[in-house]
Amino acid sequence: MESVKAVRGMRDLLPEELERWQSFEEKARQLLARYGYQEIRTPVVEEKGLFERSVGEQTDIVTKEMYTFLDRKGRKLALRPEGTASVVRAYLEANYFQKRKISRFWYLGPMFRYDRPQKGRYRQFYQLGVEVFGGQDPFFDVEVMALMFYLVNSSGVTDLTIHLNHLGCAQCQHNYLGVLQKFVRPRAGFLCCDCQRRLASNTLRIFDCKNERCAEVLEEAPLPGNYLCQVCQDRYEKVHTGLKALGLSVFEDKRLVRGLDYYTGTVFEAMTGRETNAVAAGGRYDTLTMALGGPAIPAVGFAIGLDRLMALCSETSSKLPVIRAIFLGEEARKRGFLLLEELRREGLRVETDYEERPLKNHLQTASREKVVWCLILGENELNREQFVIKNMETRRQYEISFNGAGQKVKELVC
RNA sequence: GUGGGUGUAGCUCAGCGGUUAGAGCGCCAGACUGUGGCUCUGGAUGCCGGGGGUUCAAAUCCCCUCACCCACCCCA
């Protein structure tokens, strides 16, 4: 019979790998708490329309990468392809904008996109994201980027550069698009077919094209940064100097644009030396709350691609030392079982296979599995009301009496 | 969605029309009855990814399919 396998693009996170994830998540939670961010959990399933209205009806994400389906009542639903839309929806639905001036949220969870699977790209992937609502000041942008920087840093990936650009407010964007189209239209014939398509649907994205001829054509093209109004220009300057003041590595990338429609103003990506893909990215989206039927609330946020980040870092977690218990004889086994419970209550990690095998055999197994501490309990020890703790690396042994065993073992191994 | 590569033992891979499909590592047993990593001896391994075809004969050639990897695309 054919065996059942994980669905294409989906994968199991097995314990060995999860250790890295959990260790990172622990540090991330602490960091986020210190910046005053609160966790929010939104459903994996949303109305399809939510993403059409936020991510953008013409974007690839919405037109060809969403998992959509009808439920039994014929509702058009979708597995979320990203996190921001849901958080904005929840923020509006819970009326946070009436309760307090500034709201800071973070989330972590699976997102779904029907992409072709590749390294660091899965159909179910994980993002840790951050969103701030109610703040217009450029310091919010800086705060959020600093947080992104330090979060990524805490994973052990330290060769980070923030690529920074500013797309301008709605008015700047409108003005600039006119200029850009006037420039590109006469040269459209020289662009690749992907870019021809982008021209109509998502003009800004032509700057992302890696095709050499397109790059050549766009060499002379007007850039969004040069068509900013005075207010946007000032804001951009403040963001840039703010990041520099923190000593973060920043690269001003005048050609940086983003794939989601909702970005306005500041946009940024976290790049590492080893990867061409960004490991985290985000930006300001001051008009999104309105697009989803709410009041105008300025907001800024980012998301970290955890699958990519975890593939990059070699996190070493400080785990509890493992104590492997070995019992010789039935009496020792019975008494030992109680001893293990006692040690666990002290917070120690102890395990055993309960098997009746020669001591040599047990030690060999432990040695192969790189277990550092063995607990040995046989008749000899039982008669003296004690047991043996052996360090497999130094080969030293310690005799410990049952009385107050937990504390003594703890001192020894921790 | 487009193009290319790879699927053989638990792992890394060799075999590329012709005996019963191999190596290294790992695994199991023994030498060695309460003290391990070394050594020696012996042992088990497999729908050769799946389906179809060509052939006297297919892991090997052809077609289809599935999965993984790489690049594009997309994006974090």
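Among the residues of the stretch A:154-182, count how many are open to solvent by 60 Å² or more (accessible area, probe 1.4 Å) and not small (G, A, S). Explain how you work it out, then say what you get.
Kept after step one, since they are open to solvent by 60 Å² or more (accessible area, probe 1.4 Å), are these residues of the stretch A:154-182: A:158-159, A:170-171, A:174-175, A:177, A:182.
Now drop any that are not not small (G, A, S), which leaves A:158-159, A:171, A:174-175, A:177, A:182.
Count: 7.
Tell me which residues, restricted to the stretch A:342-360, are over 37 Å from the mean Cα position of the chain (by Cα), part of a helix (DSSP H, G or I) and either away from RNA strand B (no atom under 11 Å from the Cβ) or loosely packed, with under 12 Cβ neighbours inside 10 Å (or both). Walk me through how you get there before you give the answer.
Just the residues of the stretch A:342-360 that are over 37 Å from the mean Cα position of the chain (by Cα), to begin with: A:342, A:354-360.
Still in the running and part of a helix (DSSP H, G or I): A:342, A:359-360.
Selection gives A:E342, A:K360.
Evaluate the stretch A:290-313: report whether one residue or more is in a loop (DSSP other than H, G, I, E, B) and within 16 Å of RNA strand B (Cβ to nearest atom).
Yes, because at least one residue in the stretch A:290-313 is in a loop (DSSP other than H, G, I, E, B) and within 16 Å of RNA strand B (Cβ to nearest atom).
Could you please find all residues in the stretch A:1-56 being within 12 Å of RNA strand B (Cβ to nearest atom), more than 30 Å from A:N202 (Cα to Cα) and open to solvent by 100 Å² or more (accessible area, probe 1.4 Å)?
The answer is A:M1, A:E2, A:V4, A:K5, A:D12.
Taking the stretch A:131-153 as the region of interest, how many residues are in contact with a Gly (Cβ under 6 Å, 6 or more places away or on another chain) and either part of a helix (DSSP H, G or I) or surrounded by fewer than 23 Cβ atoms within 10 Å (Cβ to Cβ) (or both)? Step through it out loud before you land on a result.
The initial filter retains those residues of the stretch A:131-153 that are in contact with a Gly (Cβ under 6 Å, 6 or more places away or on another chain), namely A:131, A:142.
Then keep just the ones that are either part of a helix (DSSP H, G or I) or surrounded by fewer than 23 Cβ atoms within 10 Å (Cβ to Cβ) (or both); that gives A:142.
Qualifying residue count, the stretch A:131-153: 1.
Residue under question is A:R255, and the condition is that it be within 16 Å of RNA strand B (Cβ to nearest atom) and either farther than 27 Å from A:I206 by Cα or over 24 Å from the mean Cα position of the chain (by Cα) (or both); does it hold? Let's see the steps before the verdict.
Details: within 16 Å of RNA strand B (Cβ to nearest atom): yes; either farther than 27 Å from A:I206 by Cα or over 24 Å from the mean Cα position of the chain (by Cα) (or both): yes.
Answer is yes for this residue.
All but one of (1) within 16 Å of A:C414 (Cβ to Cβ); (2) assigned to a strand (DSSP E or B) hold for A:V388, so report the exception by its number.
(1)
Which numbered condition trips up A:M111, out of (1) within 11 Å of RNA strand B (Cβ to nearest atom); (2) of a type outside the set (F, W, Y); (3) open to solvent by 20 Å² or more (accessible area, probe 1.4 Å)?
Here A:M111 meets the rest and fails (3).
Quick one: in the stretch A:224-262, of everything that is aromatic (F, W, Y) and modelled with pLDDT under 90, which residue is farthest from A:D208 (Cα to Cα)?
At the first step, the residues of the stretch A:224-262 found to be aromatic (F, W, Y) are A:227, A:236, A:251, A:262.
Those left that are additionally modelled with pLDDT under 90: A:227, A:262.
On the way: A:Y227: 19, A:Y262: 17 Å.
Looking at residues that are aromatic (F, W, Y) and modelled with pLDDT under 90, I get A:Y227.
Would you check if A:P321 is open to solvent by 20 Å² or more (accessible area, probe 1.4 Å), on the phi < 0 side of the Ramachandran plot, more than 13 Å from RNA strand B (Cβ to nearest atom) and at pLDDT below 90? Steps first, please.
Numbers: open to solvent by 20 Å² or more (accessible area, probe 1.4 Å): yes; on the phi < 0 side of the Ramachandran plot: yes; more than 13 Å from RNA strand B (Cβ to nearest atom): yes; at pLDDT below 90: yes.
When the stated conditions are applied, A:P321 passes them.
Residues being surrounded by 12 or more Cβ atoms within 10 Å (Cβ to Cβ) and not in a strand (DSSP E or B): count how many of those fall in the stretch A:362-377. Break it down into steps so the answer makes sense when it comes.
Here is the first cut: in the stretch A:362-377, the ones surrounded by 12 or more Cβ atoms within 10 Å (Cβ to Cβ) are A:362-367, A:371-377.
Now narrow it down to the ones that are not in a strand (DSSP E or B): A:362-367, A:371-372.
Residues in the stretch A:362-377 being surrounded by 12 or more Cβ atoms within 10 Å (Cβ to Cβ) and not in a strand (DSSP E or B): 8 in total.
Quick check on this structure: which one of A:V179, A:V239, A:V279 is of a type in the set (V, I, T), assigned by TED's automatic domain parsing to the domain that holds A:M145 and more than 16 Å from RNA strand B (Cβ to nearest atom)? Spell out how you get there, then give the answer.
Working: A:V179 fails: assigned by TED's automatic domain parsing to the domain that holds A:M145; A:V279 fails: more than 16 Å from RNA strand B (Cβ to nearest atom).
None of the others qualify; the one that does is A:V239.
Checking A:K76 against (1) more than 15 Å from RNA strand B (Cβ to nearest atom); (2) within 21 Å of A:G294 (Cα to Cα), only one condition comes out false. Which one?
Here A:K76 clears every test but (2).
Return the total of residues in the stretch A:158-185 being within 27 Å of the chain's Cα centre (by Cα), β-branched (V, I, T) and not in a loop (DSSP other than H, G, I, E, B).
In the first step, residues of the stretch A:158-185 are kept if they are within 27 Å of the chain's Cα centre (by Cα); the result is A:158-167.
If we keep only those that are β-branched (V, I, T) too, we end up with A:158, A:161-162.
Those left that are additionally not in a loop (DSSP other than H, G, I, E, B): A:161-162.
Qualifying residue count for the region: 2.
The values are calculated or read from the model by the stated rules, or taken from the named source; none is laboratory data. Please read these numbers as outputs of a predicted model, since none were measured by experiment. Don't worry about glycine lacking a Cβ; one is built from the backbone with ideal geometry, like all the others, and counts go over all protein chains shown. When the accessible area is computed, the model is the full protein with side chains, heavy atoms only, and any ligands, DNA or RNA have been set aside. Shrake-Rupley method; radii C 1.70, N 1.55, O 1.52, S 1.80 Å.
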